[in-house]
Each structure stands twice: as structure tokens, then as C-alpha cells.
1. How many of the residues in the range 308-332 are part of a loop (DSSP other than H, G, I, E, B) and either free of Cβ contacts under 8 Å to residues at least 60 places away in the same chain or surrounded by fewer than 16 Cβ atoms within 10 Å (Cβ to Cβ) (or both)?
2. When HIS649 is evaluated against the numbered criteria (1) outside any loop (DSSP other than H, G, I, E, B); (2) under 18 Å from the mean Cα position of the chain (by Cα); (3) farther than 30 Å from SER703 by Cβ, which criterion, by number, is the only one it fails?
3. Report every pair of residues separated by at least 6 positions or lying on different chains whose Cβ atoms are under 9 Å apart, first residue within the range 72-92 and farther than 22 Å from ALA189 by Cα and in the same structural domain as GLU23 (by TED's automatic domain parsing), second basic (Lys, Arg) and not in a helix (DSSP H, G or I).
4. Would you mind finding the one in SER544, SER580 that is under 24 Å from ALA355 (Cβ atoms) and not in a loop (DSSP other than H, G, I, E, B)?
5. What is the one condition in (1) over 20 Å from the mean Cα position of the chain (by Cα); (2) part of a helix (DSSP H, G or I) that LEU626 does not satisfy?
6. So, in the range 428-446, how many residues would count as being in contact (Cβ under 8 Å) with a residue 60 or more places away in the chain and in a helix (DSSP H, G or I)?
Amino acid sequence: MVRQESIMKTSIIGYPRVGSLRELKFTTEKYFRGEISVEELQNTAKEIRKTQWTLQKNTGLDFIPSNDFSFYDMTLDTAVLFNIIPERYTKLGLSALDTYFAMARGYQGAAGDVKALAMKKWFNTNYHYMVPEIDDNTEIKLAGTKPFDEFAEAKALGITTKPVIIGAFTLLKLLRYVGKKQATDYADAVSAAYAGLLEKFATAGAEWVQFDEPYLVHDLTSEDLALFEKLYQGILAKKEPIKILLQTYFGDVRDCYKNITALAFDGIGLDFLEGRKTRELVESYGFPQDKVLFAGLVNGKNIWKNHYGKTLEVMDALKAKDINVVLNTSCSLLHVPYTLKNETKLPQKYTEHFAFAEEKLKELAELKKLAEADYRLEATFLENTSLFATRPDYRNLAVQKRVAAIREEDFTRLPAFKEREAIQKKAFALPLFPTTTIGSFPQTADVKKNRTARCKGEISEEACVEFNKKKIAEWVQIQEEIGLDVLVHGEFERNDMVEYFGEQLSGYLFTEKAWVQSYGTRCVKPPIIWGDVSREKPMTVHWSVYAQSLTKKPMKGMLTGPVTILNWSFPREDISLKESTYQIALAIRDEVLDLEANGIRVIQVDEAALREKLPLRRSDWYKDYLDWAIPAFRLVHSGVKAQTQIHTHMCYSEFTDIIRAIDDMDADVITFEASRSDLLILDSLKENHFKTEVGPGVYDIHSPRVPSVEEIKAALEKMLTRIAPEKLWVNPDCGLKTRGVPETVASLKHLVEAAKELRKEA
């Protein structure tokens, strides 16, 4: 049948911002090193924005975002915009940009010495945001100009954009309150500041402004809803002539759908992919005729091509209800790589199944045309449909049978923790407050050069291995001289803690330049899980055995856990995350048992990303995630002897509310980030009678500053008010690959000295 004429429009929530070849990363790092001027940095940023806006315009995108660019983080941008800047940073007397970077990275120099703000995972993603900090004296007001400057910049190019701002409710929910005041105390000031922002955009000629409110997909209390309504009643009263888009993502708004639709928003963005109840909400309660539904149907988190048939079916159903629909991404495209154009080595039989950010713009354009035609007869539609029936090389029956054969007892390690702990204390005879690091040491220029040369075929495998052995020997000696108790080999052979393992596992595909921002200038290149995963041969054993041969001290075997490997890869969509994770867990289990068989007595299995795919709603935590994620980790280590000590590590996340689940991982030692959050997790450890030995990070490795002995000792003394001395380990809060050699050595010397002083006083 011929469909009626449509006025279908397309939109995206946001776009990547580091540049297709990481231009912003490299330029910003040059600025940090004092190699270029602020003008050069700004010019690079301006060129990236111009390129991206022009691309989006040329693909026919109707709603082009602005202010989705950031030098470091959009939450930090919003805080600065509204004058939420702690006094310790303003007192440095630095420029506005350098004050911003001091909040993001910390500062240690002529102007003073301050730590960075805390860092947390952005909802259920691998992106990290800076946690703005507010005290009772903070005056919330519109103080910055960034959104307006970038809107004007795009307008000068002939592009009227849709400015994007983190919404007032989400901002207040993400703030860290260090005084007596709480969110409600700031509601009037925040509402007035956002109203002022709309007034300036109206003067500038904006038509739409997007307020991102991802916090609305959480479990909300009546107090939350009251705060949300109070904020937006004030803001929306001042919106004319601006149209306001309330944008949600990462889930559904089941707790507040009626509240949202009753307010005077002009558009509402809903996630139809992660929002399991979104379609049900729209069908059950309807959608207001006076509003536009921005339907999140193109996946902003994963790299698989959109299934046009499924998307168009949802759009047809919405239009049948006379809903004015804009086709949208499910979230910002920040979470996917830039473009497939940079990938020259992957065969077409694989790449034709993928869509990165630029390709998703093309998908939006194609879906727009299909929605305005009898799409079932269109060649584009037929090609897309056939693609999903022609996927090659992804099944491995042996792997599938092994997963099916897993028994309940395979998830349980014996003997129980208390007995193992006593056995290990005797076997290792470590001092009180044993010192260690998390795994990696500085990836200096010569390390990177060696790996690149091997990849390009400029040196032999033997030469590459010999170089890495020399580096390992060098750093084993450094660790011995510093006085660390449990050593690591340094991971000089590894490009990335996930990619390294993926390259040696079957079922994975790898890209050349598919970089995704993790935080600030830190980018990762997630591998793609194409098919069933298995281990074909040992992956780390020879490195760990060699390192152990150089010292009499315990040498940690370093592995990445199955949940983190899954969460930091682009996962399959044709099988469950549980099944995919169990496949990986069995592969890592094989490696653990091989390490043990070769004399490695301490094995660290990092689960840095355990929290990452935790559902945002508490009611879904266990049945949808923890009920298989925690057993997957136990499957990895349940086969080792009592004398073998299993460590794990967890990166920047909120752990307090899942601390019992973490304890159930049944590791022997857990280390985690704590320094940026001022050790707030300590109370939770005590309250939950945490049995596992624990090493909260004593200093921040994401900052170039060197902590003093006194600073580390003070952190340890604080820990000892919540953690028994015999259970406390001393370590940085993460791996040291991004740090320089002098600062690393200096920091670790201070760490060891602090531990020694504490032992004398114990």
C-alpha cells in the first residue's frame, strides 16, 4: 500500500567530540605539556565542531546538536556554566580554561596543589563523568558562555542547531553536596538559572533547546518527582518562544511518564531500545497531540546495523496513533566510534554489518526516506533485511556445548574464604599492610614504539619480545628497590586490558581506529564480539613466569575478568549477555588454571567494569544482571587451590549499594578506586561486614600530581577506622600505564614509606 505523505524528521542526541583521528586528544595533551598555546587548542576544537556540523547537515539531519562538544566532560561543562566551582580551584588564580582542567585533572604547580574532582561512570556506560561539588556558599547562576558561543559558531556556518544541556533535575541529582544544603535548597536558583539560559538562547535565535534528563529512568521517589516538577514548572514558564525537548535515555520513564507528558514540553525523547517499557507506556497512556515524540530507535551504544524492518514497524505503530514522530538515536553517539571509513583491514563481509557514528547518520537518512515510501518494495529495505540472514563465521558448537555443561558446583570455590585466608597468611607471610600496584606501569614512548614497530612488521616478534623482557626486568628491579611486597610484570606487551585478550580469543574482531572516549583525553578501542568465544592457547603465562623468575617476591598474574571483557567490548545482539559472558569466563578460567599450574601463586582478575551494565532500576539488578555476572566471576576462579590468592580490581564506579554482591564474588583481595571519592565507600564496607581483604586506592593515578607520605598515611589512617588492620592492603587506585616514570616512582616510594611508618605504629 502507498503510505500517506510524511513530514518525518531525524535527530541525534549528541555526537563524538575527540575527532575522527583523536585530534582533540593529542592537541589537548600537547597543551597540558606546555607545547602549544591556548589559541592552537581552541582552533583544533573549532575545526572539529565545523567538520561535524557540516557532515550532519550534508546527511540531511534535521535536528543538529550543539554544545555536545567538550574539552573534558559535559557534566563538568554544565557545572562551570552555572558557577558550581569549588573555591579551592578558583583560589589558584588560573585562567578559566586552566581552572576547568584543574577540576578535571588536579593541579600541582606554582599556583598551588589540589586534587581533581571525583569521577564516576556515566549511568550504565563506559564513559566517566566528573562529579561536580557544591557547598553551602555556592551561588548558582548563569556564569558561562560556552553553549551560546558554540550556537553562534554554528549559525555563522549557516546551521541553526539544537543546543544540548544537561537538565536541571539530572544536574541536581549528580552533584556532590559537601555542606548542609541538599538538592531542594537549590531548586529555585537552578530553575532561575535555566530560565536565564533560555532567555539568552531566544535572543540568539535558537528554535529548540534539548535538556538531557537521563536520571528520570531511575527508580524515582515522590520527593524526586516533586523536585522535578518544581524545577520545570519554573523553567517552562519562561520558555517562549523557545521549544523545549526533554530528552531521556538508557531506560524507560515508567515512574514519571504521566508527570512528563502533563508538563509544557514541546518534545519528549524516549529510549525505545533500553527502555523495555517505553512502547508499553506510549500504548497504554497515549501521547499528547501537542507534543513531538523523539523516538530513540537507532542504537547509540552499539555498532551493529539497524534492523530497518523492526524500526519501521515501531514507527508505523506510533504513526497509526497520530503521534508526531521524530526518528532519534537511543542516546548520544558519544559511545560509538566515528566512522568505518578509517577501517581498511576488516573484510566487507564483517563491516557491512556495522554502523559507527557517521554511518548511523546515513541510517537515519535512509530510514527517513523509507518511512515516506512503500518501504517493503524498496531496494534499501530489502538489502538491509537480507543482511540479517547472511552472517558468517559466528557459531562454535564446542563452545556452546561447554557452556551448556556448566554445573552449579562450578561456581563455588572450596574451602570457604575464612579457611583460605588463614592458609594464605601462612603461605605468603606478608607484612601488615602489604603493598602492591594494580598491574600496569608507564607505557612510555619506547614501549609504544616497540609495539607499533612490531605491528607494522618493522621488527621481528623475537625482537619485540626481547624488548618487553628488558622492560619487565627493569621494573621488577625498580619494584624491589622501592620495597613493594607483591609485584607485577608491568603489562608492557599489552595495548589495552581488553583488546589484548580479545586478540588472542576466537570470536573477536578488531578495528584500526575505532576509538571511543572514556574520559577526558583517554580513549579506548573496544573490540567487537562477532561470534562464540574460546581460548585457543595460553595468553599471559610466559610473561608471568618470566617475571616470577626474576624475584623471590610474589608476582601477580594479570588477567581481565569476563564481565569487564564483555562490558568493554561491543557485544553481540543475537545471544544473551549472560551466555556471551559465560563463554568468556570459561576461556579466562583456562588461563587461571594454567597460571597456577606454572607456579603463579597470586592471580588478579580485574573486573573494572562490573558496575557498568548494572540496570539503572534496583528492581532489575539481580534478575537481569548480578544473578549471572557474579557467578561468571566465580566460574573463573573456583578451580584453584586454597594456597592461590585471587585478587580483583574495580575502577571508578559507585559500589556502596552493591557491596554485598561484590563480597559474593569470593575473591581473596579486592582493590578499588577510592581516592577521588574521599574514601566514601569505607562506611559501606564496615556496615556490610565485608569479609574480603581490601585495598582502597590511596592516591589518584589519573592526575599527574605526586601524593606526599603524609597524605597517603592520612588516607590509610582513615581506612583503619573502618577496616581491620589484617585486612588492609596498600595500593594506588588503578593501573599506572598513563603516568610518567618520575611521578610513578616518587608516588610509589611515598606509598611504601607510609605503609612502613604505619607498621611501626601498629
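The values are calculated or read from the model by the stated rules, or taken from the named source; none is laboratory data. None of these values were measured; they are calculated from a predicted model. FYI the Cβ positions are ideal-geometry reconstructions off the backbone, even for glycines, and counts take in every protein chain you see.
1. Of the residues in the range 308-332, the ones part of a loop (DSSP other than H, G, I, E, B) are 321-323, 330-332.
Filter once more, so that each one left must be either free of Cβ contacts under 8 Å to residues at least 60 places away in the same chain or surrounded by fewer than 16 Cβ atoms within 10 Å (Cβ to Cβ) (or both): 321-323.
Residues that pass the stated criteria total 3.
2. (3)
3. Sorted first by the residue in the range 72-92, then by its partner, the pairs are ARG88/LYS115.
4. Unique residue meeting the criteria: SER580.
5. (1)
6. Residues in the range 428-446 being in contact (Cβ under 8 Å) with a residue 60 or more places away in the chain and in a helix (DSSP H, G or I): 1 in total.
Conditions tested, residue by residue: (1) more than 19 Å from PHE354 (Cα to Cα); (2) buried (at least 17 other Cβ atoms within 10 Å of the Cβ); (3) in the same structural domain as ILE438 (by TED's automatic domain parsing).
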residue: SER460; (1), (2), (3): yes, no, no
residue: LEU484; (1), (2), (3): yes, yes, yes
residue: GLY507; (1), (2), (3): no, yes, yes
residue: GLU512; (1), (2), (3): no, no, yes
residue: VAL516; (1), (2), (3): no, yes, yes
residue: ARG535; (1), (2), (3): yes, yes, yes
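Rundown of residues vs (1) small (Gly, Ala, Ser); (2) surrounded by fewer than 21 Cβ atoms within 10 Å (Cβ to Cβ); (3) within 18 Å of PRO431 (Cα to Cα), yes/no style:
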| residue | (1), (2), (3) |
| --- | --- |
| HIS689 | no, yes, no |
| ALA714 | yes, yes, no |
| MET719 | no, no, yes |
| VAL741 | no, yes, no |
